[in-house]
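Have a look at the structure below, then the notes.
The values are calculated or read from the model by the stated rules, or taken from the named source; none is laboratory data. Note that the structure is predicted; figures quoted are calculated from it, not measured. Neighbour counts run over all protein chains shown; Cβ positions are idealised from the backbone, glycine included. The protein model used for the area step is the full one, side chains on, heavy atoms only, and it has no ligands, DNA or RNA in it. Shrake-Rupley method; radii C 1.70, N 1.55, O 1.52, S 1.80 Å.
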Amino acid sequence: TSIRLNDINLLCEQNEILDTEGISVKIRYGHDPVPARVKLDNDGFYIEFNSAEKSIAKGQACVFYYQDRVMGGGWIV
């Protein structure tokens, strides 16, 4: 239901993405975007999915979108 990310690259202001509704996330190239929230805690950025996701693999890219705009991404740890 959640993943932690590192090496984050934001293409927006941090407040535009954190805990914002309407964000979708892709966890690999061929994956359809799914609803999620981008969150930040003392250990860094993490993604909280609206429902459990399968086949999440360490080292894969995770990209987040708002509508058709790429908002940023990072690497799954």
### Task
Find the accessible area per residue for the chain; the probe is 1.4 Å, ligands and nucleic acids are left out, and the unit is Å².
63 Å²
### Query
Over the chain, what percent of the accessible surface lies on carbon and sulfur atoms, probe 1.4 Å?
44 percent
### Query
Where a ≥ b ≥ c are the square roots of the eigenvalues of the C-alpha gyration tensor, would you call the chain rounded, which needs a/c under 1.5, or, failing that, prolate if a/b is larger than b/c, or oblate?
rounded
#### Entry: Point-to-point label distance, Lys39-Tyr66, nm (Cα→Cβ direction, 7 Å offset)
2.0 nm
